[in-house]
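Asker: Sharing a structure, written as structure tokens. Questions coming.
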Amino acid sequence: MKQTADFINEELIGQLLGEGWGASRQRVEEIIEKARGFKGLSPAEVATLIQVEDPDLLEKIYQTAKEVKEHIYGKRVVLFAPLYLSNECINNCLYCPYRHDNENIPRKTLSEEEIAEECKYIEEMGHKRIVIESGEHPGKTPIEYICNAMRKIYETTNKNGSIRRINVNIAATTVEEYKKLKEAGIGTYTLFQETYHRETYRKMHPEGPKADYDWHTTAMDRAMQAGIDDVGVGVLFGQYDYKFELVALMLHARHLEETFGVGPHTISVPRIRKAPGNALPHIPYAVDDASFKKIVAVIRIAVPYTGMIMSTRESAEARDEFIAMGISQISAGSCTGVGGYGEKIQDLKENKYHKDKTAQFKTHDNRSPEEIIQSICKAGYIPSYCTACYRQGRTGDRFMQLAKCGEIQNVCQPNAILTFKEYLMDYASPETRAIGETTIQEHIKQIKDPKIRELVIEELKKIETGVRDLYF
């Protein structure tokens, strides 16, 4: 029997926002103090914080978000790249250039040979993890195509480069097909809700399988029933009131945790960007920078265990700022079109702006991976290419148990250092290597356990002799 997404209760959301509006300063400070215990917040408490406008209280929220981020995730910033397999789509989502009514975009689906070629370009930038993206088209990109693409990606190498973790962002499907993704070696299954507001969802998705709100919203349930224990959720902010969307997102996270014992492994926070070929004359509920900053901070303290992802939709300045406030994963050197990485890399080398002819959205952080890495290091953080948890079985409830108590840092900090060392040895320019080596020495000092610290130093020596893929 088809599942109804009754865990998104719009009447309850309205009630919680109404009760949270105009909360006393004392109440807000009580919630912030609770967040400092690193145990998360209830949807009602989120409904209160997201409506705070007082500058002093907002600053306390931002500071708390930074404390929570560093307690759980430390100073690591995980890097990844998207790989768009196809822009063929049978849906007609108004905000997306891939919608089937858009006749002005060249349509393309990568062959296995083209997938391998794109992989080599991505590996040339030093990436070890990717997220594959595809439009929904059963005739062009059935689940067998996706699984074969994953197999091809995992087997494609470029010198010392290899992809060690594949996250998958494809349309909602059946338990049986999610099982096939599990067998193919999926890392995290990612699917954005776009909007949790039913009426807005109906207007934004007038045609195609994605028009079914309940089918789409319950996709994570089916994925987890199929054995995929790491799932990633998100909202495409700008379609409806962000306060409503955020509380709904928390209800979804609570539903997953109560039903499966595991909340979302990641939460993404994209904002709608204008793109040629979409059918929106304007962004209905555009989220300004100040509100967006509040969204990021509140999510971080409300769901402290989750990884937070920010794409190149946002500017370099915004991404640099939000890393301190909660973002733990960012894309770098992204190509948001189908089959464009070769041109992208050449344009980066020539310091030219790259325009993706088949892009799903316009990127605003157009720095090269090296420029992003240097910025991360100079801010006191360390880039990480780690994929160890996925390969060691630290997923689902095992990962959550470690994340919720902050113990995940005991393996993630050493693994960040080791994978960053690999990057410096294999891909970095002399300038980046010098900055990176200084960063590694600083972060070795932050490892609290002296035995682990010594082990890391020994493993770093092995990497210098040519050994690769070492992890805890």
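Asker: Search the structure for amide H atoms under 5 Å from the amide H of G307, placed 1.01 Å from N in the peptide plane, and list their residues when 5 or more places away or on another chain.
Answerer: Those qualifying (amide H under 5 Å, at least 5 residues apart or on another chain) are T266, I267.
Asker: Follow-up. Please identify which residues in region 374-395 have an amide N closer than 18 Å to a label point set 7 Å out from the Cα of M425, following the Cα→Cβ vector.
Answerer: 383-388
Asker: Read phi for every residue in region 256-264 and hand back ³J(HN,Hα) as whole Hz from Karplus 6.51 cos²θ - 1.76 cosθ + 1.60, θ = phi - 60°, with x for Gly and Pro.
Answerer: Computed from phi, the couplings for region 256-264 are 5, 5, 5, 7, 10, x, 9, x, x Hz.
Asker: In the chain, what % of DSSP beta bridges are antiparallel (nearest 5)?
Answerer: Taking every DSSP beta bridge within the chain, about 10 percent pair in antiparallel fashion.
Asker: Work the Kirkwood hydrodynamic radius out for the chain: mean of 1/r over every pair of different alpha-carbon atoms, inverted, in Å.
Answerer: On the way: mean 1/r = 0.0443 Å⁻¹.
Here the Kirkwood hydrodynamic radius works out to 22.6 Å.
Asker: At a 10 Å Cβ-Cβ cut-off, how would you order I130, I373, fewest neighbours first? Please report the intermediate quantities before stating the final value.
Answerer: Numbers: I130 23, I373 27.
Result, fewest neighbours first: I130, I373.
Asker: Going down the list K120/K180; K152/K451; K378/K445; K179/K293; K34/K294; K69/K462, which pairs span over 27 Å between their C-alpha atoms?
Answerer: Values: K120/K180 25 Å; K152/K451 39 Å; K378/K445 17 Å; K179/K293 37 Å; K34/K294 18 Å; K69/K462 31 Å.
Pairs exceeding 27 Å: K152/K451; K179/K293; K69/K462.
Asker: In addition: Order these by the 10 Å Cβ neighbour count, fewest first: D230, D449.
Answerer: Details: D230 24, D449 12.
Fewest-to-most Cβ neighbours within 10 Å comes out as D449, D230.
Asker: Let me ask you something else. Can you work out ³J(HN,Hα) from phi for every residue in region 57-65, in order, using Karplus 6.51 cos²θ - 1.76 cosθ + 1.60 and θ = phi - 60°, giving whole Hz and x for Gly and Pro?
Answerer: Taking θ as phi minus 60°, the curve returns 5, 4, 5, 5, 5, 5, 5, 5, 4 Hz for region 57-65.
Asker: Quick one: 3J(HN,Hα) in Hz for region 145-159, Karplus 6.51/-1.76/1.60 with θ = phi - 60°, rounded, Gly and Pro as x.
Answerer: Couplings: 5, 4, 5, 5, 4, 4, 4, 5, 5, 5, 8, 8, 10, 9, 6 Hz.
Asker: Related question: For K448 and V175, calculate 0.36 nm times their separation in residues minus their Cα-Cα distance, and state this gained length in nm to one decimal. If you can, show how the numbers build up before the last one.
Answerer: Values: separation 273, 0.36 × 273 = 98.28 nm, distance 4.29 nm.
Residue separation times 0.36 nm, minus the Cα-Cα distance, leaves 94.0 nm.
Asker: Could you compute the FRET efficiency for K378 and T465, with r as their C-beta to C-beta distance and R0 at 35 Å, rounded to 0.05?
Answerer: Working: r = 29 Å, r/R0 = 0.82.
FRET efficiency, K378 to T465: 0.75.
Asker: Counting only residues 5 or more places away or on other chains, whose amide H sits under 5 Å from the amide H of N91 once H atoms are built in the peptide plane?
Answerer: For N91, the qualifying residues are H100, E136.
Asker: While we're on this one: Evaluate the relative contact order of the chain (contact order divided by residue number), counting alpha-carbon pairs under 8 angstrom at least 6 apart; express in whole percent. Intermediate values should be presented prior to the final figure.
Answerer: Values: 855 pairs, mean separation 95.0, N = 472.
The normalised contact order for the chain reaches 20 percent.
Laboratory data are not the source of any read-out in this text; all were calculated from the coordinates shown. Since the model is a prediction, treat every value here as computed from it, not as a measurement. In this analysis, Cβ positions are derived from the backbone assuming ideal geometry, glycine residues included, and neighbour counts consider all displayed protein chains.
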